[in-house]
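The values are calculated or read from the model by the stated rules, or taken from the named source; none is laboratory data. Being a predicted model, the structure only gives us computed values, none of them experimental. Neighbour counts are summed over all protein chains in view; Cβ atoms, including those assigned to glycine, are modelled from backbone coordinates with ideal geometry. Heads up: the accessible areas ignore ligands, DNA and RNA and are worked out on the full protein's heavy atoms, side chains in. Shrake-Rupley method; radii C 1.70, N 1.55, O 1.52, S 1.80 Å.
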Amino acid sequence: MTNQVHCQLWMGSLEPYMTESFILTAFRKMGECPLSVKVMRNKFTGEPAGYCFVHFANDEEAIDAMHKLNSKPIPGTTPVVRFRLNNASNNANRQFVDREFSVWVGDLSPDVDDYNLYRVFSSKYTTIKTAKVILDNSGFSKGYGFVRFGSEDEMRDSLITMNGFIGLGTKSLKISNAVPKPKGDTPTGSTHEQTTNYNQYYDPSSYWQNYAANWQQQSYNMDHAHSGQMQHNYAPPPEQKKEDDLELIEHSIPLDVDKLNREKIEQDCNFWDALESSKWLGCEMLEVL
């Protein structure tokens with residue numbers, strides 16, 4: 001398997017009471033069999049740092065557990081805390097993170113979770129890193145997610161091959177490029193936390209709404225500036241009438257043929273009477289005279 005996670009996962013958002021034995025028990029209650037757990041601590045205070053590393057026998061078990069459990073409630077937590085898992089990339093591999101490629105997957109039915117999404121894509125592509133269904137604050141699917149590739153070629157191929165795919169949930173999939181946020185707009189937090197929640201990517205619905213609004217505002221500003229050079233007062237275009245305000249115009253007007261004929265004949269008679277009274281002579285008559 002090409003997804004090298006070094007047989008371990010990173011797990012974040014840990015509460016202070018979550019010890020190694022607590023986390024190990026939680027994984028086993030969920031049907032997974034990690035070998036060990038290492039809770040990381042602050043080197044100065046000795047207090048838990050809020051994350052740990054979970055070790056597995058092989059990469060296949062680790063990455064399967066990540067997609068099966070991500071965002072699921074952790075057994076024994078009150079209030080409920082959810083699994084936040086990611087690949088355990090070390091600093092030596094940090095340079096390769098920016099070279100990963102993601103797609104946005106839309107029209108996901110509510111029954112699709114991370115594991116379902118991962119299994120479908122990994123059955124067709126060999127460089128899948130992660131698959132994540134985005135959830136709302138209540139833990140319900142928002143209807144879209146992200147899939148991260150290690151190969152740009154595979155990512156590009158999925159934009160065509162997986163678009164309209166049927167067999168995951170009850171709807172056909174919609175695929176597009178994931179739109180990353182500018183660095184200044186990316187929420188603060190560790191890289192693991194950002195990639196787990198995909199906070200470094202735009203919410204597609206809000207992104208295109210903001211894009212359209214900005215485009216309209218820019219167009220208005222450009223038109224306003226252009227017209228300001230030609231006239232001092234700028235009048236915005238009148239509002240279009242609502243559909244209910246539109247009136248039906250009758251185009252089929254009945255014709256009174258006899259009346260139109262009488263008016264035409266009268267015009268001809270008046271013309272010839274005026275011509276006769278003017279004593280006008282045609283060219284032919286002048287030549288005879």
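Assuming 0.36 nm per residue, please report the length gained on full extension of the stretch residue 256 to residue 47 beyond their Cα-Cα distance.
Result: 65.3 nm gained on full extension.
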Exercise. Under a 1.4 angstrom probe, counting protein chains only, how are 136, 258, 59 ranked by accessible area, largest first?
Worked result: 258, 136, 59
Problem set entry | Unsatisfied cross-links (Cα-Cα over 32 Å) in the set 38/174; 38/171; 43/142; 38/124; 29/174; 38/72 | 38/174; 38/171; 43/142; 38/124; 29/174
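Just how many % of Cα pairs in the stretch 46-85 lie over 15 Å apart, if you round to the nearest whole percent? Each step should come with its number before you reach the end.
Numbers: 410 of 780 pairs.
For the stretch 46-85, the fraction of Cα-Cα distances above 15 Å is 53 percent.
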Problem set entry | Largest-first ordering by accessible area, 1.4 Å probe, given options 38, 29 | 29, 38
Exercise. Between residue 28 and residue 140, what is the FRET efficiency for a Förster distance of 30 Å, r being their Cβ-Cβ separation, to the nearest 0.05?
Worked result: 0.65
Problem set entry | residue 276 accessible area, 1.4 Å probe, all protein chains in place, Å² to nearest 10 | 130 Å²
Seminar exercise, completed: Going residue by residue through the stretch 73-86, the Karplus relation 6.51 cos²θ - 1.76 cosθ + 1.60 with θ = phi - 60° gives ³J(HN,Hα) values, rounded to whole Hz and with x marking Gly or Pro, of x, 7, x, x, 9, 9, x, 5, 10, 9, 4, 10, 10, 7
Seminar exercise, completed: The size of the Cβ-based charge dipole (Lys, Arg +1; Asp, Glu -1) of the stretch 12-159 about the Cα centre, to the nearest 20 debye, is 400 debye
For this session: Could you state how much accessible area residue 83 has, in square angstrom rounded to the nearest 10, with a 1.4 Å probe and all protein chains kept in place?
Result: 0 Å²
Exercise. Working out 0.36 nm times the residue gap between residue 77 and residue 172, then minus their Cα-Cα distance, what length gain in nm do you get to one decimal?
Worked result: 30.6 nm
For this session: Considering only protein heavy atoms, with the full assembly of protein chains and a 1.4 angstrom probe, order 51, 118 by accessible area, largest first.
Result: 51, 118
For this session: Quick one: which residues, 5+ away or cross-chain, put their amide H under 5 Å from the amide H of residue 129? H built at 1.01 Å from N.
Result: 148, 149, 150
